[in-house]
Amino acid sequence: MRIVIDMMGADLGVLPIIEGVSKALGSVAFKPVLVGDESKAKAFISKDLASKVELIHCPDYIHMEEHATDALKRKESSIFVAMDILKNGADALVSAGHSGATMGLATLKIGRIRGVNRPALCTLMPSIKERASLCLDVGANTDCKAEYLLDFAIMGYQYAKDVLGYENPTVGLLANGEEDSKGNLITKEAFKLISEYPLFNQHNMDTPIFKGNVEGNDIFENVVDVVVCDGFVGNVVLKTTEGTASAIGSVFRNEIKCSLGAKLGAFLLKGAFYTLKQKTDYAEYGGAPSWE
(Lines give C-alpha, C1' and ligand atoms only; values in the text may rest on other atoms or scores of the structure.)
Protein backbone atom coordinates (compact mmCIF):
# COMPACT_ATOMS: atom_id res chain seq x y z
CA MET A 1 0.00 0.00 0.00
CA ARG A 2 1.11 3.54 -0.77
CA ILE A 3 0.15 5.74 2.17
CA VAL A 4 0.50 9.53 2.10
CA ILE A 5 1.52 11.17 5.40
CA ASP A 6 1.07 14.91 5.85
CA MET A 7 3.94 15.82 8.19
CA MET A 8 2.91 19.43 8.81
CA GLY A 9 0.67 21.09 11.39
CA ALA A 10 1.03 18.62 14.28
CA ASP A 11 1.29 20.04 17.81
CA LEU A 12 4.85 18.74 18.32
CA GLY A 13 6.21 19.22 14.80
CA VAL A 14 7.48 16.65 12.32
CA LEU A 15 9.50 14.44 14.70
CA PRO A 16 6.58 12.39 16.18
CA ILE A 17 5.20 11.88 12.66
CA ILE A 18 8.51 10.50 11.39
CA GLU A 19 8.93 8.32 14.50
CA GLY A 20 5.43 6.94 13.93
CA VAL A 21 6.22 6.10 10.32
CA SER A 22 9.43 4.35 11.39
CA LYS A 23 7.61 2.27 14.02
CA ALA A 24 4.82 1.40 11.60
CA LEU A 25 7.34 0.13 9.05
CA GLY A 26 8.65 -2.21 11.72
CA SER A 27 5.23 -3.86 11.92
CA VAL A 28 3.89 -3.88 8.37
CA ALA A 29 5.24 -3.37 4.86
CA PHE A 30 3.95 -0.30 3.04
CA LYS A 31 5.27 2.61 0.97
CA PRO A 32 5.15 5.91 2.93
CA VAL A 33 4.97 9.18 1.02
CA LEU A 34 6.03 11.99 3.38
CA VAL A 35 4.75 15.43 2.41
CA GLY A 36 6.16 18.50 4.15
CA ASP A 37 9.14 20.73 4.78
CA GLU A 38 12.17 18.75 3.67
CA SER A 39 14.59 20.92 5.67
CA LYS A 40 12.73 20.15 8.92
CA ALA A 41 12.27 16.45 8.19
CA LYS A 42 15.70 15.43 6.95
CA ALA A 43 17.35 15.98 10.34
CA PHE A 44 15.17 13.19 11.78
CA ILE A 45 15.20 10.73 8.88
CA SER A 46 17.92 8.10 9.17
CA LYS A 47 19.65 6.62 6.12
CA ASP A 48 17.75 3.38 6.62
CA LEU A 49 14.40 5.18 6.78
CA ALA A 50 15.31 7.40 3.81
CA SER A 51 15.65 4.29 1.65
CA LYS A 52 12.09 3.24 2.53
CA VAL A 53 10.17 6.50 2.14
CA GLU A 54 9.36 8.95 -0.63
CA LEU A 55 9.84 12.56 0.50
CA ILE A 56 8.01 15.40 -1.23
CA HIS A 57 9.13 18.92 -0.31
CA CYS A 58 6.25 21.21 0.61
CA PRO A 59 7.01 23.93 3.20
CA ASP A 60 3.59 25.60 3.29
CA TYR A 61 0.80 24.22 5.51
CA ILE A 62 -2.55 25.25 6.99
CA HIS A 63 -2.09 26.57 10.53
CA MET A 64 -4.62 25.64 13.21
CA GLU A 65 -5.79 29.25 13.61
CA GLU A 66 -6.56 29.52 9.88
CA HIS A 67 -9.94 28.78 8.32
CA ALA A 68 -10.49 25.34 6.80
CA THR A 69 -11.59 26.98 3.55
CA ASP A 70 -8.10 28.52 3.16
CA ALA A 71 -6.88 25.07 2.15
CA LEU A 72 -9.00 25.17 -1.01
CA LYS A 73 -6.90 28.04 -2.38
CA ARG A 74 -3.48 27.04 -1.01
CA LYS A 75 -2.37 24.65 -3.76
CA GLU A 76 1.19 24.57 -2.41
CA SER A 77 0.13 23.56 1.12
CA SER A 78 1.09 20.10 2.38
CA ILE A 79 -2.46 18.83 2.77
CA PHE A 80 -3.46 20.05 -0.72
CA VAL A 81 -0.46 18.29 -2.28
CA ALA A 82 -1.05 15.16 -0.17
CA MET A 83 -4.71 15.03 -1.21
CA ASP A 84 -3.73 15.30 -4.87
CA ILE A 85 -1.43 12.30 -4.45
CA LEU A 86 -4.26 10.34 -2.84
CA LYS A 87 -6.63 11.26 -5.64
CA ASN A 88 -4.11 10.14 -8.24
CA GLY A 89 -3.62 6.61 -7.00
CA ALA A 90 -2.37 6.38 -3.40
CA ASP A 91 -4.30 4.10 -1.05
CA ALA A 92 -4.74 6.26 2.07
CA LEU A 93 -3.86 9.58 3.68
CA VAL A 94 -2.97 10.36 7.29
CA SER A 95 -2.69 13.87 8.72
CA ALA A 96 -2.12 15.23 12.22
CA GLY A 97 -2.72 18.76 10.98
CA HIS A 98 -5.84 20.88 10.43
CA SER A 99 -8.77 18.43 10.50
CA GLY A 100 -11.20 20.89 8.89
CA ALA A 101 -8.84 21.46 5.97
CA THR A 102 -8.36 17.72 5.58
CA MET A 103 -12.10 17.06 5.57
CA GLY A 104 -12.86 19.92 3.21
CA LEU A 105 -10.27 18.88 0.64
CA ALA A 106 -11.26 15.22 0.90
CA THR A 107 -14.87 16.12 0.16
CA LEU A 108 -13.90 18.36 -2.74
CA LYS A 109 -11.21 16.20 -4.35
CA ILE A 110 -12.17 12.62 -3.45
CA GLY A 111 -15.92 13.03 -3.13
CA ARG A 112 -18.47 11.29 -0.94
CA ILE A 113 -19.81 7.75 -1.06
CA ARG A 114 -23.09 7.76 -3.00
CA GLY A 115 -25.94 8.35 -0.58
CA VAL A 116 -23.86 10.10 2.09
CA ASN A 117 -25.08 13.66 2.66
CA ARG A 118 -22.24 14.83 4.92
CA PRO A 119 -18.88 13.38 5.95
CA ALA A 120 -18.43 12.54 9.63
CA LEU A 121 -15.56 12.13 12.06
CA CYS A 122 -15.81 9.18 14.43
CA THR A 123 -13.71 8.29 17.43
CA LEU A 124 -13.46 5.51 20.00
CA MET A 125 -14.42 6.42 23.56
CA PRO A 126 -13.25 4.38 26.58
CA SER A 127 -15.79 2.20 28.38
CA ILE A 128 -15.87 -0.05 31.44
CA LYS A 129 -16.48 -3.05 29.17
CA GLU A 130 -14.21 -4.77 26.67
CA ARG A 131 -15.64 -2.87 23.74
CA ALA A 132 -14.91 0.82 23.27
CA SER A 133 -17.86 2.99 22.27
CA LEU A 134 -17.82 4.53 18.80
CA CYS A 135 -19.03 8.13 18.73
CA LEU A 136 -19.88 10.18 15.63
CA ASP A 137 -19.95 12.92 14.54
CA VAL A 138 -17.27 14.50 16.77
CA GLY A 139 -16.60 17.71 14.91
CA ALA A 140 -17.13 17.71 11.17
CA ASN A 141 -20.72 19.05 11.18
CA THR A 142 -21.72 21.50 13.91
CA ASP A 143 -25.15 22.07 12.37
CA CYS A 144 -27.00 18.95 11.29
CA LYS A 145 -30.28 17.88 9.78
CA ALA A 146 -32.05 14.76 10.98
CA GLU A 147 -31.10 13.02 7.73
CA TYR A 148 -27.42 13.49 8.55
CA LEU A 149 -27.86 11.75 11.91
CA LEU A 150 -29.48 8.82 10.11
CA ASP A 151 -26.42 8.67 7.84
CA PHE A 152 -24.14 8.68 10.89
CA ALA A 153 -26.10 5.83 12.43
CA ILE A 154 -25.74 3.71 9.28
CA MET A 155 -22.04 4.52 8.83
CA GLY A 156 -21.26 3.97 12.51
CA TYR A 157 -23.03 0.61 12.52
CA GLN A 158 -21.16 -0.58 9.42
CA TYR A 159 -17.82 0.64 10.78
CA ALA A 160 -18.36 -1.14 14.11
CA LYS A 161 -19.43 -4.34 12.35
CA ASP A 162 -17.03 -4.54 9.40
CA VAL A 163 -13.93 -2.65 10.59
CA LEU A 164 -13.92 -3.10 14.36
CA GLY A 165 -15.36 -6.60 14.08
CA TYR A 166 -18.08 -6.05 16.69
CA GLU A 167 -20.62 -8.86 16.67
CA ASN A 168 -24.21 -7.57 16.63
CA PRO A 169 -23.33 -3.89 17.25
CA THR A 170 -26.03 -1.67 18.71
CA VAL A 171 -26.77 1.99 18.04
CA GLY A 172 -28.06 4.80 20.24
CA LEU A 173 -28.97 8.46 19.70
CA LEU A 174 -27.39 10.89 22.19
CA ALA A 175 -30.06 12.95 23.96
CA ASN A 176 -30.83 14.55 27.32
CA GLY A 177 -32.76 11.50 28.51
CA GLU A 178 -33.48 7.88 27.64
CA GLU A 179 -37.20 8.38 27.05
CA ASP A 180 -38.37 8.45 23.43
CA SER A 181 -39.82 11.94 23.96
CA LYS A 182 -36.50 13.51 25.01
CA GLY A 183 -34.17 15.53 22.79
CA ASN A 184 -34.35 18.68 20.67
CA LEU A 185 -36.29 19.06 17.43
CA ILE A 186 -33.48 17.56 15.32
CA THR A 187 -32.90 14.49 17.52
CA LYS A 188 -36.63 13.83 17.83
CA GLU A 189 -36.94 13.80 14.05
CA ALA A 190 -33.78 11.71 13.74
CA PHE A 191 -35.18 9.23 16.29
CA LYS A 192 -38.18 8.67 14.03
CA LEU A 193 -36.03 8.30 10.89
CA ILE A 194 -33.62 5.83 12.48
CA SER A 195 -36.43 3.81 14.06
CA GLU A 196 -38.17 3.43 10.71
CA TYR A 197 -35.07 2.73 8.61
CA PRO A 198 -35.08 -0.92 7.40
CA LEU A 199 -31.64 -1.74 8.84
CA PHE A 200 -32.75 -0.72 12.32
CA ASN A 201 -36.37 -1.83 12.02
CA GLN A 202 -35.98 -5.61 11.85
CA HIS A 203 -38.74 -6.90 14.12
CA ASN A 204 -37.65 -10.51 13.79
CA MET A 205 -34.40 -9.84 15.66
CA ASP A 206 -34.11 -10.94 19.29
CA THR A 207 -32.03 -7.85 20.09
CA PRO A 208 -32.86 -4.67 18.14
CA ILE A 209 -29.94 -2.78 16.64
CA PHE A 210 -31.31 0.67 17.48
CA LYS A 211 -31.70 1.05 21.23
CA GLY A 212 -33.24 4.52 21.13
CA ASN A 213 -31.99 7.48 23.11
CA VAL A 214 -28.89 7.26 25.31
CA GLU A 215 -27.37 9.74 27.75
CA GLY A 216 -23.80 10.98 28.12
CA ASN A 217 -22.88 8.59 30.92
CA ASP A 218 -24.04 5.63 28.78
CA ILE A 219 -21.07 6.20 26.46
CA PHE A 220 -18.61 5.02 29.12
CA GLU A 221 -20.77 2.09 30.19
CA ASN A 222 -21.03 0.82 26.60
CA VAL A 223 -24.83 0.69 26.80
CA VAL A 224 -24.62 0.83 22.99
CA ASP A 225 -21.65 0.33 20.68
CA VAL A 226 -22.36 3.33 18.43
CA VAL A 227 -23.40 6.73 19.79
CA VAL A 228 -24.85 9.15 17.23
CA CYS A 229 -24.86 12.93 17.65
CA ASP A 230 -24.15 16.14 15.73
CA GLY A 231 -20.60 17.45 15.47
CA PHE A 232 -21.09 20.26 17.99
CA VAL A 233 -22.31 17.98 20.77
CA GLY A 234 -19.84 15.23 19.83
CA ASN A 235 -16.86 17.57 19.94
CA VAL A 236 -17.91 18.92 23.35
CA VAL A 237 -18.25 15.33 24.64
CA LEU A 238 -14.83 14.44 23.22
CA LYS A 239 -12.98 17.47 24.65
CA THR A 240 -14.77 17.17 28.02
CA THR A 241 -13.74 13.53 28.25
CA GLU A 242 -10.14 14.36 27.41
CA GLY A 243 -10.08 17.15 30.02
CA THR A 244 -11.69 14.99 32.70
CA ALA A 245 -9.22 12.14 32.14
CA SER A 246 -6.27 14.55 32.35
CA ALA A 247 -7.67 16.17 35.50
CA ILE A 248 -8.18 12.81 37.23
CA GLY A 249 -4.61 11.85 36.40
CA SER A 250 -3.31 15.13 37.86
CA VAL A 251 -5.35 14.69 41.06
CA PHE A 252 -3.97 11.17 41.53
CA ARG A 253 -0.38 12.31 40.99
CA ASN A 254 -0.70 15.22 43.41
CA GLU A 255 -2.33 13.09 46.13
CA ILE A 256 0.29 10.35 45.79
CA LYS A 257 3.06 12.87 46.46
CA CYS A 258 1.48 13.93 49.75
CA SER A 259 2.51 10.99 51.93
CA LEU A 260 4.70 7.90 52.10
CA GLY A 261 1.59 5.73 52.60
CA ALA A 262 0.06 7.07 49.40
CA LYS A 263 3.28 6.37 47.50
CA LEU A 264 3.37 2.81 48.85
CA GLY A 265 -0.26 2.27 47.93
CA ALA A 266 0.36 3.63 44.44
CA PHE A 267 3.29 1.24 44.04
CA LEU A 268 1.10 -1.74 45.02
CA LEU A 269 -1.61 -0.58 42.60
CA LYS A 270 0.81 0.17 39.78
CA GLY A 271 -0.79 -2.39 37.46
CA ALA A 272 -4.30 -1.08 38.13
CA PHE A 273 -3.19 2.51 37.50
CA TYR A 274 -1.61 1.47 34.21
CA THR A 275 -4.86 -0.18 33.11
CA LEU A 276 -6.82 2.91 34.15
CA LYS A 277 -4.50 5.15 32.14
CA GLN A 278 -4.85 2.96 29.05
CA LYS A 279 -8.63 2.94 29.43
CA THR A 280 -9.02 6.71 29.90
CA ASP A 281 -6.10 8.30 28.03
CA TYR A 282 -7.48 9.65 24.74
CA ALA A 283 -3.99 9.43 23.20
CA GLU A 284 -4.28 5.62 23.40
CA TYR A 285 -7.19 5.67 20.95
CA GLY A 286 -5.41 7.30 18.00
CA GLY A 287 -6.95 9.62 15.45
CA ALA A 288 -10.41 9.88 13.97
CA PRO A 289 -11.22 8.09 10.71
CA SER A 290 -13.18 10.24 8.28
CA TRP A 291 -16.33 8.76 6.75
CA GLU A 292 -16.95 10.43 3.41
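The values are calculated or read from the model by the stated rules, or taken from the named source; none is laboratory data. Fair warning: this is a prediction, and the values are worked out from it, not measured in the lab. Here the Cβ is made from the backbone with ideal geometry for all residues, glycine too, and neighbour counts use every protein chain on show. Quick note on the areas: whole protein, heavy atoms, side chains included, nothing else; ligands and nucleic acids left out. Shrake-Rupley method; radii C 1.70, N 1.55, O 1.52, S 1.80 Å.
Taking all protein chains as they are arranged and a probe of 1.4 Å, the heavy atoms of ARG118 leave approximately 90 Å² accessible to solvent. Provide the percentage of antiparallel DSSP beta bridges, counting only those with both residues in the chain; round to the nearest 5. Taking every DSSP beta bridge within the chain, about 20 percent pair in antiparallel fashion. State the antiparallel share, in %, of DSSP beta bridges confined to the range 1-140, rounding to the nearest 5. Once the DSSP bridges in the range 1-140 are tallied, antiparallel ones form about 20 percent. Note on LYS31: aspartates and glutamates with a C-alpha under 20 Å away, same-chain residues under 8 apart excluded, are ASP6, GLU19, ASP48, GLU54, ASP84, ASP91.
Accessible area ranking (1.4 Å probe, heavy atoms, ligands and nucleic acids excluded), largest first, for SER181, SER246: SER181, SER246. Cross-linked pairs LYS109/LYS239; LYS182/LYS211; LYS40/LYS109; LYS23/LYS52; LYS161/LYS211: Cα-Cα separations exceed 18 Å for LYS109/LYS239; LYS40/LYS109.
Calculated FRET efficiency, ASN217 to LYS47, Cβ-Cβ distance, R0 = 51 Å: about 0.50 to the nearest 0.05. Ranking of CYS144, CYS122 by solvent-accessible surface, largest first: CYS144, CYS122 (1.4 Å probe, protein heavy atoms only, all chains present). In the chain, the calculated helix contribution to ellipticity at 222 nm averages -11000 deg cm²/dmol per residue, counting -39,500 (n - 2.57) for every DSSP H run with n ≥ 4. Per residue, the convex hull spanned by the Cα atoms of the chain measures out at 174 cubic angstrom. In order along the range 13-18, the phi-based Karplus estimate (6.51 cos²θ - 1.76 cosθ + 1.60, θ = phi - 60°) of 3J(HN,Hα) comes to x, 7, 4, x, 5, 5 Hz; Gly and Pro are listed as x. The charge dipole of the range 9-138, taken about its Cα centre with unit charges on the Cβ of Lys, Arg, Asp and Glu (plus for the first two, minus for the last two), comes to roughly 480 debye.
Considering only alpha-carbon pairs that sit under 8 angstrom and 6 or more positions apart, the relative contact order computed for the range 65-164 is 20 percent. The slack in the chain from PHE232 to SER27, taken as 0.36 nm per residue of separation less the alpha-carbon distance, amounts to 70.2 nm. Of the trypsin sites (Lys or Arg not before Pro) found in the range 120-215, those that fall in a DSSP loop while having at most 12 other beta-carbon atoms within 10 Å are LYS129.
If you roll a 1.4 angstrom probe over the protein chains with everything in place, what fraction of the accessible area of the chain belongs to carbon and sulfur, to the nearest %? After summing per-atom areas, the C and S share lands at 56 percent. Each label point was placed 7 Å from the Cα along the Cα-to-Cβ direction; for ASP206 and ILE186 their separation is 3.8 nm.
Among PHE220, PHE80, the sequence by solvent-accessible area, most first, with a 1.4 Å probe is PHE220, PHE80. To the nearest 0.05, what FRET efficiency results for LEU268 and ILE128 with a Förster distance of 30 Å applied to their C-beta separation? The formula returns an efficiency of 0.85 here.
Solvent exposure of the range 1-93, expressed per residue, is 56 Å² of accessible area, with all protein chains present and a 1.4 angstrom probe. Beyond 20 Å, the tail of the calculated P(r) for the range 13-110 holds 37 percent of the Cα pairs.
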